[in-house]
Every structure is written in C-alpha cells, then in structure tokens.
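Visitor: Could you have a look at this structure, given as structure tokens, before my questions?
The values are calculated or read from the model by the stated rules, or taken from the named source; none is laboratory data. Just so it is clear, the structure is predicted and the values come from calculations on it, not from any experiment. Here the Cβ positions follow ideal geometry from the backbone for every residue, glycine too, while neighbour counts run over all protein chains shown.
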Amino acid sequence: MWPDAGVPPRVLAGAPPRVLIVACGALARELVALTRGLPNVDVTCLPPALHNRPGGIPGAVRERIRRRRAGYDAVFVAYADCGTGGLLDRVIREEGVERLPGAHCYELFAGRAAFARLTDDEPATFFLTDFLVRNFDRLVLQGLGLDRHPELLPTYFGNYRRVLYLAQTDDPALRAAAERAAACLGLPFEFRLSGLGDLGVAVRALTGAA
C-alpha cells in the first residue's frame, strides 16, 4: 500500500502524477492540444467507429485500461456515456477510474446547461463536431451505407429537423463542409462556436494545468 491515503511515493516526492487518458478517437485532436506540454500525461485512443455500435465501447475501454494502466498513478476515461446505457459506468466503477461528465460529446462541447436549452428548443437535432465534419463521408455516408443505398436517408434522418454544428474551431473550410453535410441530409443548417467547452475544464482539472 502507498503511504498517505494511497498517494504514490513519486507524487509525495513532488513529481506530478503520471496520468493515462483512455479516449474516444473522435476527441484525439482536442486532447493532444490540451495535453501538449504535459509530459506526465499520455493519451491512448480507441477507434471512433465504435460509436456506430456503442455496445462495444465498455469492453474496449476495459481492455485498454487493463492493458495500459501499469506505471500510471491515475487513469481517466475520455468518454461520456456515449449511448452505452450506463454499461460504461459499470466498467468505470469496477476499474476504479473516472470518466467525462454527461451523456455524449455534444453535451460536453456545448456545456450541460447550454445543451439542455438547445435540445429544448429543437429536440430533433442532428449534431456535428469538427471531427464529424472532417469524417462525415466515412462515418455517416459510408458508415450507415447511404453511399450505396441513398433510399435509406429518410429512414435514418427523416425525423430530424435541423443540423447544428458545434464547432471547436472557427474554420471557414469546416463550416462550409458542415453546410454541405446538412444539404446532403436535406436539413436546415445552424452554427454555434462552442470551443472545447467542458472538455477543456475536465482535462485541466485532471492534470492541474492552468
């Protein structure tokens, strides 16, 4: 056992704790930016395509924690619930780690209160992030088979009323691509510059960064 309520000896000696972040690959770019210059923090990412079958997320997270946690003082899971229906939280409890707050990354980027207002205003919203805009063709059109079967578009998106792009960066090229994605889905387009939202808050709290 570590002395002083489980604090590792290296931390007692003044060294920063070594932290492993097990992350969704959809957050990789943002997490790399947030942890740049923090040599005590490592990020390992799982495939973003797990979101197409979220039942696989808990097992993949558990496997990555167990495979990589040796040598770290703390492990943090950079996933929200992400459609696992609470199954990810069971893994979090059993592995003794923490995860990002909220139900999904849209809530994380918008902020909980702002996201609640957005969904109250229009519950039938399809959200985009920088990652989803960059990978729209691969993850949405190809991932859902719409490139091969466009007749399925009403089945997947017929109940949506708008596309809302929660942008992490104010990039005109990404905004134009998001507008094209909305047009492809036949939905009105709205834009909101959210920045990193609660993701930045969570990572700064975890690492002690200013």
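Visitor: Are there any pairs with C-beta distances below 9 angstrom linking a residue in the range 159-176 that is of a type in the set (A, V, I, L, M, F, W, C) to a residue that is loosely packed, with under 14 Cβ neighbours inside 10 Å and part of a loop (DSSP other than H, G, I, E, B), with the two at least 6 apart or on different chains, and if so which?
Guide: 163/188; 164/122
Visitor: Next question, about the same structure. Given the conditions (1) closer than 16 Å to residue 48 by Cα; (2) surrounded by fewer than 16 Cβ atoms within 10 Å (Cβ to Cβ); (3) within 17 Å of the chain's Cα centre (by Cα), and given that residue 139 satisfies all but one, which numbered condition is not satisfied?
Guide: Failing condition for residue 139: (2).
Visitor: Taking residue 189 as meeting all but one of (1) in contact with a helix residue (DSSP H, G or I) (Cβ under 6 Å, 6 or more places away or on another chain); (2) surrounded by fewer than 17 Cβ atoms within 10 Å (Cβ to Cβ), write down the number of the exception.
Guide: (2)
Visitor: Next question, about the same structure. For the range 1-42, give me each residue that is at pLDDT below 75 and among the β-branched types (Val, Ile, Thr).
Guide: The answer is 7, 11.
Visitor: So which of 199, 187 ends up being in contact (Cβ under 8 Å) with a residue 12 or more places away in the chain, in contact with a Cys (Cβ under 9 Å, 6 or more places away or on another chain) and not polar (S, T, N, Q)?
Guide: 199
Visitor: Could you identify the single residue in 148, 134 that is free of Cβ contacts under 8 Å to residues at least 24 places away in the same chain, in the same structural domain as residue 171 (by TED's automatic domain parsing) and out of contact with any Asp or Glu (no Cβ under 8 Å at 6 or more places or on another chain)? Explain how you work it out, then say what you get.
Guide: Numbers: 134 fails: free of Cβ contacts under 8 Å to residues at least 24 places away in the same chain.
Just one listed residue meets the conditions, 148.
Visitor: Counting just the residues of the range 84-104 that are part of a helix (DSSP H, G or I) and out of contact with any Gly (no Cβ under 9 Å at 6 or more places or on another chain), which one comes out surrounded by the fewest Cβ atoms within 10 Å (Cβ to Cβ)? Spell out how you get there, then give the answer.
Guide: The first filter runs over the range 84-104 and keeps only residues part of a helix (DSSP H, G or I), leaving 87-95.
Checking which are out of contact with any Gly (no Cβ under 9 Å at 6 or more places or on another chain) leaves us with 88-90, 92-95.
Values: 88: 23, 89: 14, 90: 12, 92: 20, 93: 9, 94: 11, 95: 16.
Looking at the filtered set, the residue picked out is 93.
Visitor: Would you confirm, using the coordinates I've provided, whether residue 80 is aliphatic (A, V, I, L, M), in contact with a Gly (Cβ under 6 Å, 6 or more places away or on another chain), closer than 30 Å to residue 18 by Cβ and part of a loop (DSSP other than H, G, I, E, B)? First the steps, then the outcome.
Guide: Values: aliphatic (A, V, I, L, M): yes; in contact with a Gly (Cβ under 6 Å, 6 or more places away or on another chain): yes; closer than 30 Å to residue 18 by Cβ: yes; part of a loop (DSSP other than H, G, I, E, B): yes.
Yes.
Visitor: Determine whether residue 153 is surrounded by fewer than 16 Cβ atoms within 10 Å (Cβ to Cβ), in contact (Cβ under 8 Å) with a residue 24 or more places away in the chain and in a helix (DSSP H, G or I).
Guide: yes
Visitor: What pairs come up if the first residue lies in the range 94-112 and is within 23 Å of residue 62 (Cβ to Cβ) and without any contact (Cβ under 8 Å) to a residue 40 or more places away in the chain, the second is among the basic types (Lys, Arg) and crowded, with 17+ Cβ neighbours inside 10 Å, and their beta carbons are under 9 Å apart, counting only those six or more places apart or on different chains?
Guide: So the pair list comes out as 94/62; 95/62.
Visitor: Kindly list the number of the only condition in (1) at pLDDT 95 or above; (2) surrounded by fewer than 20 Cβ atoms within 10 Å (Cβ to Cβ); (3) of a type outside the set (Lys, Arg); (4) closer than 30 Å to residue 65 by Cα that fails for residue 166.
Guide: Checking residue 166 against (1) at pLDDT 95 or above; (2) surrounded by fewer than 20 Cβ atoms within 10 Å (Cβ to Cβ); (3) of a type outside the set (Lys, Arg); (4) closer than 30 Å to residue 65 by Cα, the one that fails is (2).
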